[in-house]
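Worksheet for the structure shown next.
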Amino acid sequence: MPKSVASYYPPTSVSALCKCRAFTLIELLVVIAIIAVLAAILFPVFAQARERARQVACVSNMRQLSLAVSMYAQDYDDTLPPSTNYGLPNGVSEKVWCSLIQPYVKNTGIFLCPSANGAFFASNWSLRGYGSIGYTGQAEIDPAGVDGFTTVAPLPLIEESARTVLFADTANAIYPNPIGKYRGYVFDPCHGTPNSTDPRLGTPLVADRDLVQELNHLPPGRLKPVFARHLATGRNNGLATIIFADGHVKAYTAAFIQAQERGANLIWRFRGCPNVE
């Protein structure tokens with residue numbers, strides 16, 4: 001009689017099958033180690049890619065703000081919107097620049113940088129510290145001449161628009177926590193590092209660390225820094241996004257900004273510095 005098909009194959013016990021298909025402990029540990037190494041390599045890359053995407057969104061928002069400033073200037077005899085109007089009481093929303101150009105933007109989300117944790121639209125004086133995109137303090141106005149210039153900033157004062165900074169990343173308080181000394185809606189070039197060769201190149205306080213917390217002993221008026229938050233390392237290698245008066249954008253490390261003419265060579269103090277302590 002012909003043999004059955006099963007007779008050609010030797011019987012295999014269940015224990016033998018299990019023994020052939022199982023991983024050894026060493027093999028399992030090797031696989032886990034490989035996965036851990038790949039994760040350690042790829043996770044920082046993913047984090048950097050995510051931060052780059054946020055930075056691009058931040059750049060887009062800041063560009064729209066610069067366009068809104070240009071439209072405001074066209075409507076108001078070629079003058080910049082005041083970054084702060086100290087002639088108005090604190091309860092008036094027009095005291096801060098955000099409310100002045102908001103009609104040209106409509107979407108309040110444009111005023112926020114996606115990389116900033118807990119930022120909020122700084123629509124008035126009481127919310128000013130939650131802003132994460134700062135406008136230059138060179139546009140401040142104080143009719144009494146105590147906290148700023150006595151007149152608005154005319155555009156013809158900006159002689160080199162491609163080098164003159166209008167917007168930059170700033171440190172923000174975490175909404176809805178108390179503001180403390182945060183001044184996220186504006187940065188002040190006049191309370192930073194002067195330049196003996198060209199006074200216009202004097203820089204604001206700038207770092208890729210939160211200087212408002214780090215220099216908390218200073219009065220609030222002196223704590224209006226630029227915050228190089230993008231890809232920050234704590235060693236001033238982080239990037240600050242800068243929007244210039246001609247509308248173009250560029251990112252600089254905090255260290256490059258601090259180097260002044262030996263680095264970024266930017267014009268911050270296009271109006272000089274009144275009442276600097």
- Message: Suppose we filter PRO219, PRO194, PRO154 for residues that are over 21 Å from PHE111 (Cα atoms), in contact with a Ser or Thr (Cβ under 6 Å, 6 or more places away or on another chain) and of a type outside the set (D, E, K, R); which single one remains?
- Response: PRO154
- Considering only the stretch 222-249, state which residues are touching a Ser or Thr at 6+ places or on another chain (Cβ under 8 Å), in a loop (DSSP other than H, G, I, E, B) and farther than 18 Å from CYS273 by Cα. ALA228, ARG229, ASN236, ASN237, GLY238, ALA245, ASP246, GLY247
- Count of residues meeting criterion [aliphatic (A, V, I, L, M), crowded, with 18+ Cβ neighbours inside 10 Å and touching a residue at least 40 places away in the same chain (Cβ under 8 Å)] in the stretch 227-239: 2
- Task: For the stretch 171-184, indicate whether the set of residues that are within 22 Å of ILE267 (Cβ to Cβ) and at pLDDT 95 or above is non-empty.
- Result: no
- Message: Please verify whether ARG128 is closer than 19 Å to THR241 by Cα and of a type in the set (Lys, Arg), treating the condition exactly as stated.
- Response: no
- Item | All positions within the stretch 253-277 that are surrounded by 21 or more Cβ atoms within 10 Å (Cβ to Cβ) and either small (Gly, Ala, Ser) or within 18 Å of ARG63 (Cβ to Cβ) (or both) | ALA254, ALA264, LEU266
- Query: For the subset of the stretch 132-144 comprising residues that are in contact with an Asp or Glu (Cβ under 9 Å, 6 or more places away or on another chain) and closer than 18 Å to PRO199 by Cβ, which member is surrounded by the fewest Cβ atoms within 10 Å (Cβ to Cβ)?
  - Reply: GLU140
- Answer yes or no: is there a residue in the stretch 217-237 that is over 20 Å from the mean Cα position of the chain (by Cα) and either modelled with pLDDT of 95 or more or farther than 19 Å from SER83 by Cβ (or both). yes
- Query: For TYR182, are the conditions met, namely being touching a helix residue (DSSP H, G or I) at 6+ places or on another chain (Cβ under 9 Å), aromatic (Phe, Trp, Tyr) and not in a strand (DSSP E or B)?
  - Reply: yes
- the stretch 71-128, residues that are in contact (Cβ under 8 Å) with a residue 60 or more places away in the chain and β-branched (Val, Ile, Thr): THR79, THR84, VAL96
- Query: Between a first residue in the stretch 240-251 that is without any contact (Cβ under 8 Å) to a residue 24 or more places away in the chain and a second residue that is in a loop (DSSP other than H, G, I, E, B), which pairs have beta carbons less than 9 Å apart while being 6 or more apart in sequence or on different chains?
  - Reply: LYS250/ALA264
- Item | Failed condition for SER126, given (1) within 12 Å of TYR185 (Cβ to Cβ); (2) part of a strand (DSSP E or B) | (2)
- The lone condition ARG209 fails out of (1) closer than 19 Å to ARG50 by Cα; (2) surrounded by fewer than 23 Cβ atoms within 10 Å (Cβ to Cβ); (3) of a type outside the set (A, V, I, L, M) is (1)
- Message: Please determine whether any residue of the stretch 145-162 is surrounded by 14 or more Cβ atoms within 10 Å (Cβ to Cβ), at pLDDT 95 or above, in contact with an Asp or Glu (Cβ under 6 Å, 6 or more places away or on another chain) and assigned to a loop (DSSP other than H, G, I, E, B).
- Response: yes
- Query: If you check THR164 against the conditions, is it over 21 Å from PRO176 (Cα atoms), among the hydroxyl-bearing types (Ser, Thr, Tyr) and in contact with a Ser or Thr (Cβ under 9 Å, 6 or more places away or on another chain)?
  - Reply: yes
- Query: Applying the selection to the stretch 130-144, what residues are in a helix (DSSP H, G or I), small (Gly, Ala, Ser) and touching a helix residue (DSSP H, G or I) at 6+ places or on another chain (Cβ under 9 Å)?
  - Reply: ALA139
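The values are calculated or read from the model by the stated rules, or taken from the named source; none is laboratory data. Because the structure is a prediction, the values reported are computed rather than measured. When we count neighbours, we look across all protein chains shown, and the Cβ atoms used for this are built from the backbone with ideal geometry, even at glycine.
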